[in-house]
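The block underneath contains the structure these notes are about, expressed in structure tokens.
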Amino acid sequence: MEIIKRPHYLNKLIEFKDTEFIKVLTGVRRSGKSFILKMYQNYLLEEGITKDQIIYLSFEDFNNIDLYEPKKLYSYLKEKIIPNQRMYILLDEIQFVQDWQKVINSLRLNALLELVITGSNSNLLSGELATLLSGRYVEIPVYPLSFKEMVSFRSSDPSEAEIDRLYDEYIKYGGFPAVVLAKEELKQTILSGIYNTVILNDIGYRNGLRDPGLLMLVAKYLADTVGQLINPNKIVNTLKSAQFSISYNAVQNYLSSFEQAYLFYKANRYDIAGRKILSSQGKYYIVDTGLRTQALGDKINDRGSILENIVYLELLRRGYQVQIGKLDDKEIDFIATKVNERQYIQVTYQLPENSTRETDNLLEIPNNYQKIVITGHYEEQTMISGIPIINIRDWLLADRNH
């Protein structure tokens, strides 16, 4: 069986091994969290930890359905824990367990227990857990494969033509591990299964949303407007003009549910001159371009917005906080911030002829942080007014964490 190794995530877990922190792997369904948990289990065994010291449970396994009840789960784990022994408890898709936070909070009182959990809903880290475990957990966001991960898996020394071919495949089918591993004729079927399960099960059923048709329509609208400023009123009016009745509050709930399931990410606008977040509108980006293909079918023709989506997700993978920049009446596509580092990024499929608009906007920003333009087209110019012009493939394959 072919496997895609993901050392970046394994190393994150190893970095926090045998510390007091609960490790929490979060991300959209099928992004690879379960496999990373298994990788960590294998690492522990290779390090000399015995099988008896590791308790692994997947709550997507029907055999464990009785353990959805917190008292039963707690009793089961207590029986398995060896007294006065270092133990590693790995719990996959913990959100299926009722009041699981209380189980975890009770277990963490035992200093000899290491806890690693995964979940496919951002509510995992809100509300009661945040209160009970404040400062005692470390979140490790997991995303579908980066382009660099995909290329590394496919070829140790790819030619430029092969990189271009793989990039076209990445745009169409995205980076879900199961999709990347599948034969061409199966990729669309697997994507369809992931997309429908996330929307109908992880979002619709779990949130008690009664109209899956409307949910699908709003998801399709967001996928079609990637990179555009969105607010709920705009969606309400668009659907009403198409004879669909939906309220402002319902749209807000849908948008929140999409974010909670990691299907879409919202980037807020930031006023660079005023140094403040603008709460009125934001942009939504889908977690994987393959799911955008699934939502829109053959309609995909805006390579500029796809490019913007890929850059946004890659910045998240690299650990940046990402916002949309506003500078007077101009827009900066992304402000990427990490600790003391900041980048201003413009994204364009192709530099406009006889215009320096993309670099001019960046040059007006009154500071000395790094500024770059990322293009989808190979450009003859690699520098304009001191600002690097970088092709998307080169940028994605740069020697970063992935």
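The values are calculated or read from the model by the stated rules, or taken from the named source; none is laboratory data. Values in this document were obtained by computation on a predicted structure and should not be read as measured data. Please note: Cβ atoms are built from the backbone with ideal geometry, for glycine as well, and neighbour counts cover all protein chains shown. For accessibility, only protein heavy atoms count, side chains too; no ligands or nucleic acids. Shrake-Rupley method; radii C 1.70, N 1.55, O 1.52, S 1.80 Å.
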- Query: Using alpha carbon centroids, what distance separates the stretch 90-113 and the stretch 357-398, in Å?
  - Reply: 46
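Give me the net charge of Thr19's neighbourhood, meaning all other residues with Cβ under 11 Å from the Cβ of Thr19; Lys, Arg count +1, Asp, Glu -1. Don't jump to the answer; show the numbers that get you there.
Working: positive: Lys17, Lys23, Arg136; negative: Glu15, Asp18, Glu20, Glu114.
With Lys, Arg at +1 and Asp, Glu at -1, the neighbours total -1.
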- 13 Å Cα-Cα reach of Lys326 towards aspartates and glutamates, excluding residues that sit fewer than 8 places from it in its own chain: Asp271, Glu364
- Item | Exceeding the 18 Å Cα-Cα cut-off - candidates Lys234/Lys266; Lys220/Lys283; Lys5/Lys148; Lys220/Lys330; Lys148/Lys266; Lys276/Lys330 | Lys220/Lys330; Lys148/Lys266
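Largest first, how would Leu109, Leu313, Leu10 line up by accessible area (1.4 Å probe)? Could you put the intermediate results ahead of the total?
Details: Leu109 130, Leu313 5, Leu10 30 Å².
The residues order as Leu109, Leu10, Leu313, largest area first.
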- Would you mind checking the tilt of helix 33-46 against the longest principal axis of the Cα atoms of the chain, expressed as 0 to 90 degrees and rounded to 10? 50
- Note on the structure: Looking only at lysines whose Cα falls under 24 Å of Lys80's and that sit 8 or more positions away or on another chain, we get Lys17, Lys23, Lys33, Lys38, Lys51, Lys71, Lys72, Lys102
- Note on the structure: Label model pair Glu79, Asn110: point-to-point distance (7 angstrom along the Cα→beta-carbon line) in nm is 1.4
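Net charge around Glu353, counting only other residues with Cβ within less than 13 Å of its Cβ (Lys, Arg = +1; Asp, Glu = -1)? Display every interim value, and only then the final one.
Working: positive: Arg357; negative: Glu358, Glu379, Glu380.
Every neighbour counted, the sum reads -2.
For Glu15 and Asp157, what does the FRET efficiency come to when R0 = 35 Å and r is the distance between their Cβ atoms, rounded to the nearest 0.05? Let's see the in-between values first.
Values: r = 30 Å, r/R0 = 0.85.
My answer for the efficiency is 0.75.
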- Task: Rank-order 85-96, 225-236 by packing density, defined as the average count of other C-beta atoms within 10 Å over each peptide's residues, highest first.
- Result: 85-96, 225-236
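For Asn368 and Arg210 in the same chain, what is the full-extension length gain: residue separation times 0.36 nm, less their Cα-Cα distance, in nm?
On the way: separation 158, 0.36 × 158 = 56.88 nm, distance 5.08 nm.
Using 0.36 nm per residue and subtracting the Cα-Cα distance, I get 51.8 nm.
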- Message: So, taking all protein chains as they sit and a 1.4 Å probe, how much accessible area belongs to Glu259, in Å² rounded to tens?
- Response: 70
- Item | Global form of the stretch 14-53, assessed from the alpha-carbon gyration tensor, a/c cut-off 1.5 | oblate
- Query: If packing is taken as the mean number of other Cβ atoms within 10 Å per residue, what is the order of 279-285, 306-312, highest first?
  - Reply: 306-312, 279-285
- Once amide H atoms are placed 1.01 Å from N in the peptide plane, what residues at a sequence separation of 5 or more from Leu278, or on another chain, have their amide H within under 5 Å of its amide H? Arg269, Tyr270, Asp271
- Task: With label points built 7 Å along Cα→Cβ from the Cα atoms of Thr197 and Met383, find their separation and express it in nm.
- Result: 4.9
- Helix 160-173 vs. the chain, principal-axis angle (Cα, 0 to 90°, nearest 10): 70
- Item | Translational diffusion coefficient (Stokes-Einstein; Kirkwood radius from C-alpha pairs) of the stretch 147-234 at 4 °C, 1.567 mPa s, in µm²/s | 84
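Contour minus end-to-end for Asp360 and Asn123, with contour as 0.36 nm per residue of separation and end-to-end as the Cα-Cα distance? Write out the running numbers ahead of the final one.
Working: separation 237, 0.36 × 237 = 85.32 nm, distance 4.09 nm.
Extending this stretch completely gives an extra 81.2 nm.
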- Which option, [x] 22.4, 73; [y] 24.0, 92; [z] 21.5, 68, is the value of Rg and Dmax of the Cα atoms in Å that was calculated from these coordinates? [x]
- Give the residues of the stretch 100-119 whose amide nitrogen is closer than 13 Å to a point set 7 Å from the Cα of Arg136 in the direction of its Cβ. 101-115
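Based solely on its DSSP helices, what 222 nm [θ] is calculated for the chain when runs of n ≥ 4 H residues each add -39,500 (n - 2.57) and the sum is averaged over all residues, nearest 500 deg cm²/dmol? Please list the in-between numbers first.
Working: 16 runs with 158 residues, N = 402.
For the chain, the value works out to -11500 deg cm²/dmol.
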- Gln281 versus Glu331: modelled label distance in nm, points set 7 Å from Cα along the beta carbon direction: 0.7
- Query: Cα centroid distance between the stretch 1-69 and the stretch 200-246, in Å?
  - Reply: 34
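Taking the stretch 335-373, which GluC sites (Glu not before Pro) meet the DSSP loop condition and have no more than 15 other C-beta atoms within 10 Å? Kindly include the intermediate steps, with their values, before the conclusion.
On the way: sites: Glu341, Glu353, Glu358, Glu364; in loops: Glu353, Glu364.
When the GluC sites (Glu not before Pro) of the stretch 335-373 are filtered for loop state and at most 15 Cβ neighbours within 10 Å, Glu353, Glu364 remain.
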